[in-house]
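I have placed the structure first, in the form of structure tokens, so that the comments after it can refer back to it.
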Amino acid sequence: MSGVPVWRCESCGRRSFPRRELCPYCGGRSFEVEQADRGIATRLTSHRGVEVACVRVDDELTLLARAEGAVAAGSEVTLRVDGGAPVATVS
């Protein structure tokens, strides 16, 4: 399955990742799950030998994902989940 699950608050419509019990913007408690399939890698770093990318999904949502392949800052990436963790690969 492609994409990373993100949660849209049913009260204010803002999306968040990871899953939360309360909306960080309005305190709402009801969410609808959506899939984020693509984004733009904005920054990269490494942690304990694993490449990690900040991925801007849209103007309101950025998430961290393991970077696989030739991901570079500014590249369009495809998102998926592997073992419960978001993964970004070059589109």
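In table form, for the structure just shown:
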| read-out | value |
| --- | --- |
| Residues of the range 1-17 classified as surrounded by 11 or more Cβ atoms within 10 Å (Cβ to Cβ) and assigned to a loop (DSSP other than H, G, I, E, B), total | 7 |
| Among residues of the range 51-67, those that are touching a strand residue (DSSP E or B) at 6+ places or on another chain (Cβ under 9 Å) and either in a loop (DSSP other than H, G, I, E, B) or open to solvent by less than 60 Å² (accessible area, probe 1.4 Å) (or both), counted | 11 |
| Test result for Glu32, outside any loop (DSSP other than H, G, I, E, B), among the charged types (D, E, K, R), modelled with pLDDT of 95 or more and at negative phi | yes |
| Contacts under 8 angstrom Cβ, first residue in the range 27-47 being touching a residue at least 12 places away in the same chain (Cβ under 8 Å) and over 16 Å from Thr89 (Cβ atoms), partner of a type in the set (Phe, Trp, Tyr) and not in a loop (DSSP other than H, G, I, E, B), 6 or more apart | Phe31/Trp7; Glu32/Trp7; Val33/Trp7; Glu34/Trp7 |
| Considering residues of the range 30-50 that are crowded, with 18+ Cβ neighbours inside 10 Å and under 17 Å from Arg20 (Cβ atoms) only, the residue farthest from the chain's Cα centre (by Cα) | Phe31 |
| Residue identified as touching a strand residue (DSSP E or B) at 6+ places or on another chain (Cβ under 8 Å), assigned to a strand (DSSP E or B) and crowded, with 18+ Cβ neighbours inside 10 Å among Val71, Val77 | Val77 |
| Conditions (1) touching a residue at least 12 places away in the same chain (Cβ under 8 Å); (2) in a strand (DSSP E or B): number failed by Arg20 | (2) |
| Close pairs (6 angstrom Cβ cut-off, 6 or more residues apart or separate chains): of a type outside the set (D, E, K, R) in the range 1-17, assigned to a loop (DSSP other than H, G, I, E, B) and open to solvent by less than 30 Å² (accessible area, probe 1.4 Å) anywhere | Cys9/Cys23; Cys9/Gly28; Ser11/Gly28 |
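The values are calculated or read from the model by the stated rules, or taken from the named source; none is laboratory data. The structure presented is a predicted model; accordingly, all values stated were derived computationally and were not measured. Ideal geometry is used to build each Cβ from the backbone, glycine not excepted, and the neighbour counts take in all protein chains shown. For accessibility, only protein heavy atoms count, side chains too; no ligands or nucleic acids. Shrake-Rupley method; radii C 1.70, N 1.55, O 1.52, S 1.80 Å.
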